[in-house]
Each structure stands twice: as C-alpha cells, then as structure tokens.
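The values are calculated or read from the model by the stated rules, or taken from the named source; none is laboratory data. What you are looking at is a predicted structure, and each value in this text was computed from that prediction instead of being measured. Because the Cβ atoms are built from the backbone with ideal geometry, glycine has one as well, and the counts that use them run over all protein chains shown.
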Amino acid sequence: MKQGNGFDYIGEFSQAPKFTGNRVNMKYIVLILLALTSGAFASEFDESMEKATQGEAWAQFNLGIMYDNGDGVPENDAEAVKWFRKAADQGYAVAQFNLGLMYANGEGVPENDAEAVKWFRKAAEQGYADAQFNLGVMYANGDGVPENYIKAHVWWSMAKTKGNEIAKEYIKVLKTKMTNDQIAEGQALASKCYESNYKDCD
C-alpha cells in the first residue's frame, strides 16, 4: 500500500471479541504460556472448526485469527483469508476489517487496495471505528480510490466520534490541505453520515 500523503492506516489485526485493549500485560503472557503447554489452543481450534463448519461467523473469525497468528495450527495467511472471508461474507464487521488488512498488506492474497477499501467500507458502515479510520486513510492517500480529502474528513470524523485520537490529529493535518469550502462540505457530509448511521456518507 502506498503512503502518498504520509497518512498511515491501522495495521494491526483485531482480535477475537473476548480480548480487549491494545497492550499485552504479563498476566496474558503467563496465560498464553500455560495454554500452549496444556493444549488449550488445540481444543479451542477443534471447537472453532466445528462451529465454523456449521456456519457460525464468530468461529470462522476465530479460525482466521488462529491461522494468522499460528495459534494451535501452523501460521497460514491464505487459510486466515479463507476464514476471514467466510465470516466477512456474513457481515461480521471485525472479519471485514481484518480481510481489508490482508488485501492492503498483500498477506494471503495479492495486494489490492481497491479490495481493501471494499472491506473497510463494509465494516465502517457498521460503525467499526478502526475500519472508519482506515477508510479515511485510503481516501487521503488515494489508495484504491481517487484521492478525496472530503471523504477522508468524513470517515475520520466518524472514527473520532468513537474515540479514535489519531483520527482527531489527522483531521487537524488534513484541514491544512483543504479549502474552507471543502472543510464545510466535509463537516456537513460527516453530520449526514453520522445521522444516517453511516449509510449516507457520500
């Protein structure tokens, strides 16, 4: 993915919903080490595989994470993509976001910014803040879509409403590159987007 205007996207995978926060503390490291020695990943894999083959989106997503990280199975980006896609096709927002990252980074699939935009948009329209942020980056840099500061402003504004501090800073920088008319248009469109629950954002 190009970084034409210097705006970077969020590139870390979102984990399963049971994990929160961005930092791993020592308690989790100890639990992971215990789990590795007790075979917990293997049983979690078996349970996820059973539910995933029954069509459970959360389990398909979990398998994607397991293959991406090599938890209980050999690391395999192509398999991660396969399972993220199954969950994403069912509308599972975090899987849509992760699938977008796979396309943006060319992991398990050929790099394709237009596909990354497609999946970020699907998750963004469900209110997933990291996807909203990354969609803004794609518009700001012109990756996979024509460069459009107004749309970047809109999507970063949506991410900002969800507490994304980087979006807040990026909006400040972006405004220095926009005319007053563009800023006003971006703010009006952001209002419309927010009020429509992310459905009327163009």
Exercise. State which residue is farthest from the chain's Cα centre (by Cα) when the search covers only segment 161-194 and only residues that are without any contact (Cβ under 8 Å) to a residue 12 or more places away in the chain and not in a helix (DSSP H, G or I).
Key: Thr179
Exercise. Output yes when any residue across segment 143-155 is at pLDDT 95 or above and under 14 Å from the mean Cα position of the chain (by Cα), and no when none is.
Key: yes
Quiz item: With respect to Trp83, is the statement that it is in a helix (DSSP H, G or I) and within 21 Å of Asn148 (Cα to Cα) true?
Solution: no
Quiz item: Can you name the helices (runs of 4 or more DSSP H) wholly within segment 86-160 that have at least 3 residues being out of contact with any Asp or Glu (no Cβ under 7 Å at 6 or more places or on another chain) and surrounded by fewer than 19 Cβ atoms within 10 Å (Cβ to Cβ)?
Solution: 113-124
Quiz item: Taking segment 167-202 as the region of interest, how many residues are touching a Cys at 6+ places or on another chain (Cβ under 8 Å), acidic (Asp, Glu) and surrounded by 13 or more Cβ atoms within 10 Å (Cβ to Cβ)?
Solution: 0
